[in-house]
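The values are calculated or read from the model by the stated rules, or taken from the named source; none is laboratory data. Being a predicted model, the structure only gives us computed values, none of them experimental. Quick reminder, even Gly has a Cβ in these numbers, built from the backbone with ideal geometry, and neighbours come from all protein chains shown. Accessible surface is based on the protein model in full, side chains and every heavy atom, while ligands, DNA and RNA are left aside. Shrake-Rupley method; radii C 1.70, N 1.55, O 1.52, S 1.80 Å.
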Amino acid sequence: RVQALRNYHHRESRMIQYKARRVDGLGRLYPDFPMAAALCNKQLRLLLFGAGKIEIDIKGSFMAIALAISADFAYEVGFTRVSDLRQWIEEVTMVTRLRQRLPTIAKDLPTMILNMDAQGVFNWLLSFDIFLPSVLINWVRKALRAKQFLLRCRLPGAKEDIDPRINERNQLYFLLEVWEARFMRHFIKHALELGVGQHLIWIHDAIWVP
């Protein structure tokens, strides 16, 4: 997929090639060139490209959206806010070898649960430590079962019903991308109506306000 961008300084178009990160070609498409802002971590991205801008981000991205669109999912998971969920994961893994080997588990685990099946999630966890806290194991199993509620939240005519890259493994990924795009379009529309910034730059689940 290519996207044409206008270079206003030189009055010429620039063609950007996009490709998937996964070897099977499934999932989100990313800009395929060395200085793509979307491929940088947040701190580096702001340092290189964010001068004079404010970044507004959705904390927890897909998990935040999942908790917002399905009360049944939130009830089964036991949390309504990503910040509370992350704090709980940090507490139950505080003195474990899993936390030592995976310091970002509070951020990474909710995303893995949404984007992988049960075998994939547990294989990922066990690759860091074979001794997992029982309370964490039970919660992961419950959260994985609760994903069924999210499948009822499809938007009519949305791309997750027709995109050829969708399979049983990644269907929630695309469903939540549709919700993310819907939320961000409405957010940007209202921000522009209120005169927030001269223009907005959308980077997946975040925006820059120059």
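Can you name the condition, by its number, that Asp129 falls short on among (1) in a loop (DSSP other than H, G, I, E, B); (2) open to solvent by 20 Å² or more (accessible area, probe 1.4 Å)?
All conditions pass for Asp129, except number (2).
In the stretch 132-173, how many residues are part of a loop (DSSP other than H, G, I, E, B) and either at pLDDT below 75 or under 25 Å from Arg99 (Cα atoms) (or both)?
Going through the stretch 132-173 one residue at a time, the tally reaches 15.
Can you tell me how many residues in the stretch 80-116 are open to solvent by 40 Å² or more (accessible area, probe 1.4 Å) and either outside any helix (DSSP H, G or I) or of a type in the set (Gly, Ala, Ser) (or both)?
Selection size over the stretch 80-116: 8.
State which residue pairs qualify: first residue within 19 Å of Phe62 (Cβ to Cβ) and inside the stretch 103-130, second residue polar (S, T, N, Q) in any location, beta carbons under 8 Å apart, and separation of 6 or more residues or different chains.
Note: pairs meeting the criteria are Ile105/Thr93; Ala106/Gln87; Ala106/Thr93; Thr111/Ser61; Asn115/Asn170.
Return the residues of the stretch 49-68 that are open to solvent by 40 Å² or more (accessible area, probe 1.4 Å) and in a helix (DSSP H, G or I); say none if nothing qualifies.
Phe49, Ala68
If Gln119 satisfies all but one of (1) modelled with pLDDT of 90 or more; (2) open to solvent by less than 80 Å² (accessible area, probe 1.4 Å), what's the number of the condition it fails?
(2)
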